[in-house]
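For reference, the structure discussed in these notes is given below.
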Amino acid sequence: MSSALKLYEKAVLDRTPITLAIILCLTVVLGWFAKDLEIDISTDSLVLENDADLAYYEAMAARYSGDDFLVITYTPKNRPLFHPATLADLRKLRNDVDSMDRVKSVVSILDVPLIQSPPISFAELDTGIRTLDDTRTDIKLAEKELRSSPLYKDRLVGADGQTTAIQVNFLRDATYQRLHAQRKSLRVKKMEGALSDEEAAELIEVTAAFKTHKEKVVLQEQQDIDHIRTLLDEHRTVAQMYLGGVPMIVTDIMRYVQSDLRIFGVAVLAVMGLILAIAFGRLRWVGIAVITASATGLITTGFMTLLDWPITVVSSNFLALLLIFVLSLTIHLIVRYQELHRENPEEDQRWLIQQTIRSKATPCIYMVITTMVAFGSLVVSGIRPVIDFGWMMCLSLTVALVLNFTLFPALLARLPLMPPKKRIDVTGGVMALFPSMIEKLGWRMMAGAVALVGLGVVGISQLSVENRFIDHFKSDTEIHQGMLLIDQALGGTMSVDVIIDPPVQQQTDQPMGSDPSSSFVPDMVTDAAEAVGDVFKEGVDELWGDGTGDSLWGAAGLSQDAGITGSSYWYNSFMAPEVDKIHQWLDGLKESGKVISLSSTFEVLSHLNEGELPDDITLSVIHKKLTPEVKSALFTPYLSDDGNQLRYSVRVYESDPNLKRDLLLKDIRKGLVDEVGLKPEQVHVSGMLVLYNNMLQSLFHSQITTLGAVMGAILVMFMILFRSVKLALIAIVPNLIAIPLILGSMGALGIPLDIMTITIAAISIGIGVDDTIHYIYRFGHEIQKDGDYPAAVRRSHSSIGRALYYTTVTIAIGFSVLTLSQFVPTIYFGFLTACAMLVALIANLTVLPLLLEKLKPYQQS
């Protein structure tokens, strides 16, 4: 006996009260920290950690607008939308929401500027802009304008004229933005190896401050959303309403995750406990298994809290997954203990526990190590939540191994020895079927497995990362219904920003003039401006009112240059056709819904000028003269302050079953260059859709590229464990069957890879490897008895086969509880995990013993 084993038995088996006291203290202390486990379902958890598009997205969000807003859809039940009573109810809702502290502004049909209700002149742009709330507004004309305006139709008012949207814009938290930027800057320096000692200390301080402040922001956001929902409840008798927007989706997903952690963790444990009671017939086994699993969960989550590993969508089911490995280890120990007890009824409790631990220690340790290697495939994904999940599972497996070999024997040692319980041997009958099948079918069974793998490979060819975000939620949830309504009535749910810069030559070599092909110099622009000065002043006096020509000429800065139309590349009459050409091309995409841009503003201004776009001087004055409220509606979201960058807001139909995000983004980049004639460096595509797509594509590539490396690493582990290349190659075969069958089934069923199902391959490998190690390790002991391979297969099935069967059935049924979740990825996770366990079990009870029996890897003694 090795000194390490002697020390272990002396510490654990001979001093069980001390062992239990230490574990109890660890469980209580770390369990106390576990209650503070952070849940992070922010947009940061849905993007690549070092995505180059992320910095651009953040810059554009700061320049134009971000995703920090909510959308309320409002469809009156018994009256038309523009009925006075409906507008009064809508007005009350708008005012109640607008009165909230964190609300910056509310945009509704009551607030947007109207220019055709009745028509106004240029002279009224700065003083006479009307809204639906204005007593001078003609309601019928307003309804017509809101339903036909390029700025408002399919955005604020649906095509049927019965559904409207209210956009609730929140104030940007300056402290959050500052700490976020500061932390990001320091992290980049750390990644580049340029972080000084002072900056390293600053990074720790800033990270802690950001975490604390973020928790406050998230809590406040949840409270705001709850308050808005309370306000909506007061109006649901007269209108059907849904709440949408990124903050609401994040909040609801967070609640789903909290619910799944709390309810399903307990439910899965309860169901598994019930099945264990039925399988083993004594409550002591249920109690030991539940206590071991609970202690493992508390200690692990406590460590995660201390290590600042938050729960994300990816790791939301880590606790349920942890139960797989805890109970798997526990069941193997229970089955081996019962087997030893039946074979040696005269032995005492200590001897039974000692022999159980000795016989299962080696396979369990190697099982944990190889499973860690499987989850190591997630560490190279490039997505921080996926990376953290990989490390979480490595930590969980370590804790599970330690507690199963300390808490389990210590608890069992404190219980009196009971005689073996006779039961109807249903499991034995099931296990007896497999050896007979192997003898009768032989290599035909292997041929069938190869055929299934072939079908799996075909299914893998259909595997995709293209998944509709709307499909993550059941059809009866507010998120699903709201997204569907916005898609159907308000021009699309998801938004992608197309940013267009001027050509590089125009940015560096010449000023932005009316004709970008000309080589204007400032003096020529000034001369031209001065030449039309008198004509302009007379025209302005006539158009806007007497006496305003001189003041506007100076106010617009036109005494020295041509105003913004002279310095802007895009905002002038010469480039207007190009602006519109880009708009029309984007609008023509089959995936695009509502498209809004500077072209929409040009169309509105044309309505004020008898259908013709005003000349450059008038455009310049309009831009200068408009009030901030009107400018924020017409220019700010679509044109940079200097007029040299365009933003096209393209809404995408999220409910479209044919939506292919990656293909759409590629088409936009390619089409604007090949068909519209822009330079590649001019075109930028941004938005959460881009970041989410980047993450999904990374998932797909990392999944495919890392599986081979993982299987290679596990093959090496098998060689070390079994000390035989031939046996290692045999052991790898069942695992090569499980992966294509699971991934192929996903492809055939149309289940895409996402940030949760990406873990299924690692789970399939982990479970398959566990079963393989336990079976081969037991088979090796059995074959040493008489060298009879068929007999060794039968004995292995009747012993270790029982443990594998109990493990699979118990956990597969337990994971069926996850199908009751409101979050569809959790449903897929539970279903696919159960399938992975069944496939791993069947492969290791059929193909593995077949190969062992036919290839005879053990030398005859």
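The values are calculated or read from the model by the stated rules, or taken from the named source; none is laboratory data. From a predicted model like this one, the values you see are computed outputs, not experimental measurements. Because the Cβ atoms are built from the backbone with ideal geometry, glycine has one as well, and the counts that use them run over all protein chains shown. Note: accessible area is taken over every heavy atom of the protein model, side chains too, but ligands, DNA and RNA are not part of it. Shrake-Rupley method; radii C 1.70, N 1.55, O 1.52, S 1.80 Å.
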- Note on the structure: Selection over the stretch 145-157 where residues are open to solvent by less than 20 Å² (accessible area, probe 1.4 Å) and not in a helix (DSSP H, G or I) yields a count of 6
- Message: With the structure loaded, tell me whether Leu231 is in a helix (DSSP H, G or I), over 27 Å from the mean Cα position of the chain (by Cα) and over 30 Å from Ala88 (Cα atoms) or whether it fails that test.
- Response: no
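Each row is one residue, and each column tells you yes or no for (1) in a helix (DSSP H, G or I); (2) closer than 20 Å to Ser600 by Cβ; (3) free of Cβ contacts under 8 Å to residues at least 60 places away in the same chain; (4) open to solvent by 50 Å² or more (accessible area, probe 1.4 Å).
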position: Val112; (1), (2), (3), (4): no, yes, no, no
position: Glu143; (1), (2), (3), (4): yes, yes, no, yes
position: Ala159; (1), (2), (3), (4): no, yes, no, yes
position: Lys189; (1), (2), (3), (4): yes, no, yes, yes
position: Ala194; (1), (2), (3), (4): no, no, yes, yes
- Query: Inside the stretch 728-738, can you point out the residues that are open to solvent by 10 Å² or more (accessible area, probe 1.4 Å) and in contact (Cβ under 8 Å) with a residue 60 or more places away in the chain?
  - Reply: Val733, Leu736, Ile737
- Query: What are the pairs, 6+ residues apart or on separate chains, where a residue within the stretch 271-284 that is under 15 Å from Leu804 (Cα atoms) has its Cβ under 6 Å from a residue that is open to solvent by 30 Å² or more (accessible area, probe 1.4 Å) and part of a helix (DSSP H, G or I)?
  - Reply: Ile275/Ile813; Ala279/Tyr806
- Query: Does the stretch 114-141 hold any residues that are open to solvent by 20 Å² or more (accessible area, probe 1.4 Å), within 14 Å of Ala633 (Cβ to Cβ) and at pLDDT 85 or above, and which are they?
  - Reply: Thr131
- Item | Residue list for the stretch 573-593, filter: open to solvent by less than 30 Å² (accessible area, probe 1.4 Å), at pLDDT 90 or above and of a type outside the set (A, V, I, L, M, F, W, C) | His583
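Here are Leu820, Leu804, Leu838: which of them is under 17 Å from Val430 (Cα atoms) and open to solvent by 20 Å² or more (accessible area, probe 1.4 Å)?
Values: Leu820 fails: under 17 Å from Val430 (Cα atoms); Leu804 fails: open to solvent by 20 Å² or more (accessible area, probe 1.4 Å).
One residue alone meets the criteria, Leu838.
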- Task: Any residue in the stretch 827-856 that's within 12 Å of Ala738 (Cα to Cα): show its pairings with residues that are crowded, with 22+ Cβ neighbours inside 10 Å and of a type in the set (D, E, K, R) at Cβ separation under 7 Å, as long as the two are six or more apart or on different chains.
- Result: Ala840/Asp771; Leu841/Asp771; Asn844/Asp771
- Picked from the stretch 200-255 (must be hydroxyl-bearing (Ser, Thr, Tyr) and in contact with a helix residue (DSSP H, G or I) (Cβ under 8 Å, 6 or more places away or on another chain)), the residue least open to solvent (accessible area, probe 1.4 Å) is Thr251
- Query: Which number in (1) open to solvent by 20 Å² or more (accessible area, probe 1.4 Å); (2) at pLDDT 85 or above; (3) not hydrophobic (A, V, I, L, M, F, W, C) marks the one condition that Ser632 misses?
  - Reply: (2)
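Would you mention how many residues in the stretch 295-329 are among the hydroxyl-bearing types (Ser, Thr, Tyr), modelled with pLDDT of 85 or more and in contact with a Ser or Thr (Cβ under 8 Å, 6 or more places away or on another chain)? Walk me through it before giving the result.
Taking the stretch 295-329 as the starting set, the residues that turn out to be among the hydroxyl-bearing types (Ser, Thr, Tyr) are 296, 300-301, 305, 312, 315-316, 328.
Of the ones still in play, those that are also modelled with pLDDT of 85 or more are 296, 300-301, 305.
When the remaining residues are screened for being in contact with a Ser or Thr (Cβ under 8 Å, 6 or more places away or on another chain), the result is 296, 300.
Residues flagged as among the hydroxyl-bearing types (Ser, Thr, Tyr), modelled with pLDDT of 85 or more and in contact with a Ser or Thr (Cβ under 8 Å, 6 or more places away or on another chain) within the stretch 295-329 amount to 2.
Yes/no per residue for (1) at pLDDT 85 or above; (2) part of a loop (DSSP other than H, G, I, E, B):
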| position | (1), (2) |
| --- | --- |
| Lys726 | yes, no |
| Asp754 | no, yes |
| Ile765 | no, no |
| Ile773 | yes, no |
| His781 | yes, no |
| Arg795 | yes, no |
| Thr819 | no, no |
- Query: For the stretch 453-538, which helices (runs of 4 or more DSSP H) that fit wholly inside it have 3 or more residues that are open to solvent by less than 40 Å² (accessible area, probe 1.4 Å) and either at pLDDT 80 or above or touching a Pro at 6+ places or on another chain (Cβ under 9 Å) (or both)?
  - Reply: 478-489
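Looking at this structure, is Ala728 under 30 Å from Leu845 (Cα atoms), in contact with a Phe, Trp or Tyr (Cβ under 8 Å, 6 or more places away or on another chain) and among the aliphatic types (A, V, I, L, M)?
Values: under 30 Å from Leu845 (Cα atoms): yes; in contact with a Phe, Trp or Tyr (Cβ under 8 Å, 6 or more places away or on another chain): yes; among the aliphatic types (A, V, I, L, M): yes.
When the stated conditions are applied, Ala728 passes them.
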- Give Val683, Val652 a once-over and let me know the one that is open to solvent by less than 50 Å² (accessible area, probe 1.4 Å), touching a Gly at 6+ places or on another chain (Cβ under 7 Å) and in contact (Cβ under 8 Å) with a residue 12 or more places away in the chain. Val652
- Message: I need the full set of residues from the stretch 437-483 which are touching a Lys or Arg at 6+ places or on another chain (Cβ under 9 Å) and without any contact (Cβ under 8 Å) to a residue 12 or more places away in the chain, in order please.
- Response: His480
